[in-house]
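The values are calculated or read from the model by the stated rules, or taken from the named source; none is laboratory data. None of the values given here were measured: they were computed from a predicted structure. Glycine gets a Cβ as well: all are built from the backbone with ideal geometry, and neighbour counts include every protein chain shown. We work out accessible area using only protein heavy atoms, side chains counted, and drop any ligands, DNA or RNA first. Shrake-Rupley method; radii C 1.70, N 1.55, O 1.52, S 1.80 Å.
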Amino acid sequence: VPVPASQDVRDDKRGERRRRFRRDRTLLIMTAPAVVLLIVFNYVPMFGTSTAFQSYSIYAGFMHSPWVGFDTFRELFADPLFWSALENTLVLSLVQLVLFFPIPIALAMLLNSIMSSKVRTVEQSIVYLPHFFSWVLAVTVFQEMLGGAGALNQFLRQHDLATWAIMTNPDTFKYLVTAQVVWKEAGWGIIVFLAALAAIDQNLYEASAVDGAGRWRRMWHITLPGIRGIVVLMLVLRLGNILTVGFEQLLIQRNAVGRDASEVLDTYAYYYGVVNANFSLGAAASLFKGVLSLVLILAANKFAHLVGEDGLYRK
Amino acid sequence: MTTASAPALEVQAQASRGRRRNVRPSWEEPPTKAGQTGKGAVLLVTIAVVIVPLWMVVLTSFSNQGAVNRAGGMVLVPHGLTVEAYHQIFANQLIIHSLIVSLAITVLGTVLSMVTTVLCAYGLSRSGSYAHRTILMTLVVTMFFSGGLIPTFLVVSALGGYDNYWSLILPSAVSVFNILVMRGFFAGTAQELIDAASIDGAGDWRTLWSVVLPTSRAVTAVIALFYAVGYWNTFFNALLYLPDNNKWPLQMVIYTYTLQGSSLPGTGVTTTGQYFGHQQIAPLAIQMAVVTLTLVPILLIYPFVQRHFTKGMLLGAIKG
């Protein structure tokens, strides 16, 4: 009896797959440790978001806590503190988008225009450094420089001038937070833009200079279009992460500036979920943030495609 | 740029070499005075805002009571130096223990992270291999969506991580971003060498160890630095999982006794300046000595790794 052709093909495919499995066994074993860690500490918690739909009790666990549907979310959306945390999150993100985002781009362009490679190297080594400090260290440095007993206020006091409560003023806290982010991350942020600047064909500059374009015209017509792709990419990443603002940074300064100014979605989840042991409400806040962030990053990417750039992934 | 680095970095370096001249090209107009001054000022300010605070932190830690009083707090100009603050902190059980915890977490964590990351990156570096796309997707999904703080906390606690040192290491041991950086590097740069090695009869373990790793020293060094700094700076996981200060790493100690102003057991130091010890040393100097302690390892390792921050590496990873 002749075997049908399709059966033959299927057998071939299965054999082929088995052959490839045997060939790549070692590679699979190599990926195993990382995959196992990700499953335990990333995937299992993803299913653990079910706590948001339960009235979770630590004694009953995931398995035996009663299901309550969307009750937790109703409780969450009825909490004015949640809306104030959401508002703080968005305000801090937008202030940083306006005041932080352009700085690394400008610094990178400035650095790229410096002729002396020695000056460039020294500047890079120094401005990259704060990126490697912890937020505890960064905030301590700010505290000792600008705090009530810090260097600035000592100076003001010694000269009989009015002191300036920078670290504890809730009204200006968003600018303080942004200044801290600039101090810690703006230097490191230039690294990707320097790479994009270095990839621009230098002959373009020479050709346009010969054609009579001055340095500002060259910047407008060559430099900026040359780094457009990476700028859009960084913007997409930033917009996708708009609900994530300096968790540790804000947690550390909460006592100094108060909850009203420093509460964001992440700290809200931490205080409700862990400190007050209302696990379901904390999980609901996190899940709300996670889902919205996913939507945002997909939307931001769509935007990148619309303006003709690759964004995070290609179409 | 080391000579041992892989071809892709070499290409990057060549591309940027156009700019890496110290001479202004003839077609470029001479610089204006205002432009030069402005650029110089920006460079000086950016350097000063990093260096001056660090200088003051370190100098204050080495200053005696007189110098601190004279300055009214943080010291900018050296005046009366002493190492008494370091004698104090190295005699303090809590600080010594937290230093040991931080060092141990950093060393063990970095080793674990590097082993898993290098293996996984190599395992995924051949695009036609079995289940390659599935595993890659499994990894990438975690970059876009996470279960969030509470479920992670509950899972780690359920596994016994609460009040246990491993909760500072295992939950954040693997960075998918770092795996993708390394994978891009292994896949793009070492393929001919890998092929040559397999013709010579080398298996995957042998190829990884003797061919791929030696040609990827730059990327390995940078990623090891990223991991090590992450562990050294561990703060929130300690706040979350370690309730007792006898298990705390250094960052938690600084947070509690410098930022929050709790009294440091054994010294009577608080931020309000109360001090009832007998040595002639300012409480601020002791606090700054602990802060300096966290700076030292970073400042020691940074210069050796910093030259490997070649620009193309990170860019390639994000785009890849």
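Quick look at the numbers
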| quantity | calculated |
| --- | --- |
| Checking residue A:131 against (1) modelled with pLDDT under 95; (2) more than 7 Å from every other protein chain (Cβ to nearest Cβ); (3) buried (at least 19 other Cβ atoms within 10 Å of the Cβ); (4) under 25 Å from residue A:238 (Cα atoms), the condition it does not meet | (3) |
| Sole exception among (1) assigned to a helix (DSSP H, G or I); (2) farther than 25 Å from residue B:239 by Cβ for residue A:136, by number | (2) |
| Long-range neighbours under 6 Å by Cβ, at least six apart or interchain, first residue more than 7 Å from chain B (Cβ to nearest Cβ) within the range A:37-57, second of a type in the set (Phe, Trp, Tyr) and part of a helix (DSSP H, G or I) | A:56/A:279 |
| Answer from B:234, B:258 - the residue that is open to solvent by less than 30 Å² (accessible area, probe 1.4 Å), at pLDDT 90 or above and within 11 Å of another protein chain (Cβ to nearest Cβ) | B:234 |
| Tally, over the range B:23-62, of residues that are among the aromatic types (Phe, Trp, Tyr) and touching a residue at least 24 places away in the same chain (Cβ under 8 Å) | 1 |
| Residue that is in contact with a helix residue (DSSP H, G or I) (Cβ under 7 Å, 6 or more places away or on another chain) and at pLDDT below 85, where the choices are B:284, B:264, B:240, B:293 | B:264 |
| Residue list for the range B:93-148, restricted to those being among the small types (Gly, Ala, Ser), more than 16 Å from the chain's Cα centre (by Cα), outside any loop (DSSP other than H, G, I, E, B) and more than 7 Å from every other protein chain (Cβ to nearest Cβ) | B:98, B:121 |
| Residues satisfying the stated conditions in the range A:233-275, i.e. of a type in the set (S, T, N, Q) and open to solvent by 10 Å² or more (accessible area, probe 1.4 Å) | A:241, A:244, A:255 |
| Candidates B:196, B:218, B:187 - the one that is open to solvent by less than 50 Å² (accessible area, probe 1.4 Å) and free of Cβ contacts under 8 Å to residues at least 40 places away in the same chain | B:196 |
| Residue within the range B:63-82 that is within 9 Å of chain A (Cβ to nearest Cβ), without any contact (Cβ under 8 Å) to a residue 40 or more places away in the chain, open to solvent by 10 Å² or more (accessible area, probe 1.4 Å) and not in a helix (DSSP H, G or I) present | yes |
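Yes/no per residue for (1) open to solvent by 40 Å² or more (accessible area, probe 1.4 Å); (2) over 28 Å from residue B:234 (Cβ atoms); (3) of a type in the set (Ser, Thr, Tyr):
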position	(1), (2), (3)
A:123	no, yes, no
A:155	yes, yes, no
A:183	no, no, no
A:186	no, no, no
